[in-house]
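A.B. asks: My questions will all concern the structure given below.
Just so it is clear, none of the values below were taken in a lab; they were calculated from the coordinates. Since we're looking at a predicted model, the values are computed, not measured. Cβ coordinates were reconstructed from backbone atoms using ideal geometry, including for glycine residues, and neighbour counts include every protein chain displayed.
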Amino acid sequence: MMRIHLIAAATLAALSLQTAAQTANAQAKATVAVTSAADAGSTSLEAVVEAVRQTTLSAQVPGAIVAVLVRAGDRVQAGQALVRIDARAAQQNVAGSAAQVEAAVAALNVAATELERQKQLLQKQYISQAALDRAQAQWLAAQAQVKALQAQTRSAETQSGFHVLNAPYSGVVSELSATLGDMAMPGRPLLVMHDPSAMRVVAAVPQTLLGGLADKLAAVRYELPGAPVVPGQSALRAPAQTQLLPTIDPATHTAQIRLMLLPGSPGVTPGMFARVWLPAGTQAGQGQTEQLFLPAAAIVRRGEMTGVYVVDAQGQARLRQVRLGRTTAERVEVLSGVSKGEQVLADPKAATPR
C-alpha cells in the first residue's frame, strides 16, 4: 500500500514538472499581438459582385411551353430563341385576319368598279349626283375596312411573335425556371440572363466612413476571394472605374460604392462574395467595430475547426476558435474570437505537445 502511494506521488510530481516546463516553454515562444485595421492602414467592407446588365425574361402571353432551347450557364447571342410557347391559336388568328383582309380587298375592288361606273353614268346624265355620292361613300368605307383589317392582322402577327422569347443581348443564362410542359403566364419569370462583359463590385459604405472618401476613390481596391489570381499579382485589384453614389439610404445610413471590373475578368459571376478596401484615413470612428488582423502563419486548422493559440496572463497557450475573413499570404482578418492586443503564438506548432 505504501508503495502505491509513493508511485502516485511520483507521478503527480512528474506531471507538475511537465506542466511547469510547458508553461515556461510557452512563455519563451515568440508571440504576436492582435492588430486592428487602423494599424493596417486600410478598412475593408463586405461586398458583392453584380452584373451591370441583368434581365429577367417573362412571358407576355399565356400558353404551354413547348420548347426550352437553352440551359443554365449557356452563352447566347442577341436575338437567339430561348423558349417557345404554343402558338397554334395565335397562328390561327393570324390566318383568320389575313382571310378577312382578302375579303375586304375584294369588296374594295367591287366598290371601286362601281364608283367608276357611276361616274360614267353621271356624265351621260343617267343618274343623279346623289347616286354618285353613295357609290363614293361605299368605296371610302371599303377602303377604311381594308386598313382596319390590315392593322388587325399586323397586331395578330405581333402577338404571335410573343410566343418566342429571344435574348435581348449577348450574355449568359444565369437561372432557368422554365420547364417543358409548364404553363407560361404573363409576368411569370422564365429565365434570368446577364452580360458577363460588364460586371461591378457593390458595397455599402457606413456614413462614418464617407468623410474624405470622395477625394480618395482612385486608391480604393477590391478583392475576390473566390476568383483565380494571376501568379505574381496581388490579390487586391484596382477597378476600371469607381463611383460613389451621392445618396444615403435613410434606413441603413450607408452610401453605395460601385467598382467597375475590367472586361473579361476570369471566374467572376454575379453574387460572388467580394471585399472593398478603403484607403487610410477612412477608418471607423468611435463606436464602430474594428477589423482585427493576425499573421497567416499563426492560424491553426484542424478539420473544420479554425483557431489560434492565445497566451493568457499565466503564460499558458490555450487553443481558441476564431472566425476568419479576408486572407492573404501575409495576414488574416479575424472576425471574432480574439480581442485587440491579445498575444497569440506566432508558431502554433510550438504549442503542440510532442
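A.B. asks: Multiply the residue gap between Arg71 and Arg188 by 0.36 nm, knock off their C-alpha separation, and tell me the result in nm, one decimal place.
C.D. replies: Separation in residues times 0.36 nm, less the Cα-Cα distance, equals 40.3 nm.
A.B. asks: Arranged by the count of other C-beta atoms within 10 angstrom, fewest first, what order do Arg301, Arg237, Arg331 take?
C.D. replies: Result, fewest neighbours first: Arg301, Arg331, Arg237.
A.B. asks: Continuing with this model, one more query. Treat each spin label as a single point 7 Å out from the Cα along the C-beta direction, and report the Leu244 to Ser265 distance in nm.
C.D. replies: With each label point 7 Å from Cα toward Cβ, the separation is 2.0 nm.
A.B. asks: What spacing in nm lies between the two simple spin-label points modelled at Ala95 and Ala219, each 7 Å away from Cα in the Cβ direction?
C.D. replies: With each label placed 7 Å out from Cα toward Cβ, I get 7.3 nm.
A.B. asks: So what's the stretch 88-161 giving for Rg/Rh, alpha carbon basis, Kirkwood Rh from the mean inverse pair distance?
C.D. replies: A ratio of 1.22.
A.B. asks: Can you give the FRET efficiency for Thr158 and Met305, using 1/(1 + (r/R0)^6), R0 = 56 Å, r = Cβ-Cβ distance, to the nearest 0.05?
C.D. replies: 0.35
A.B. asks: Sorted by mean Cβ packing within 10 Å, highest first, what order do the peptides 57-68, 245-256, 177-188 take?
C.D. replies: By packing density, highest mean first, the sequence is 57-68, 177-188, 245-256.
A.B. asks: Under a straight-distance cross-link criterion of Cα-Cα below 27 Å, which lysines are reachable from Lys147, leaving out those fewer than 8 residues away in the same chain?
C.D. replies: Here the lysines satisfying the reach criterion relative to Lys147 are Lys119.
A.B. asks: Now, a different point. Show me, for the stretch 128-134, the HN-Hα J-couplings you get by feeding each phi into the Karplus relation (A = 6.51, B = -1.76, C = 1.60, θ = phi - 60°), rounded to Hz, glycine and proline as x.
C.D. replies: Taking θ as phi minus 60°, the curve returns 8, 5, 5, 5, 5, 4, 5 Hz for the stretch 128-134.
A.B. asks: Given the Cα-Cα distance of Ala81 and Ser197 and 0.36 nm per residue of separation, how much length would full extension add, in nm?
C.D. replies: Residue separation times 0.36 nm, minus the Cα-Cα distance, leaves 39.7 nm.
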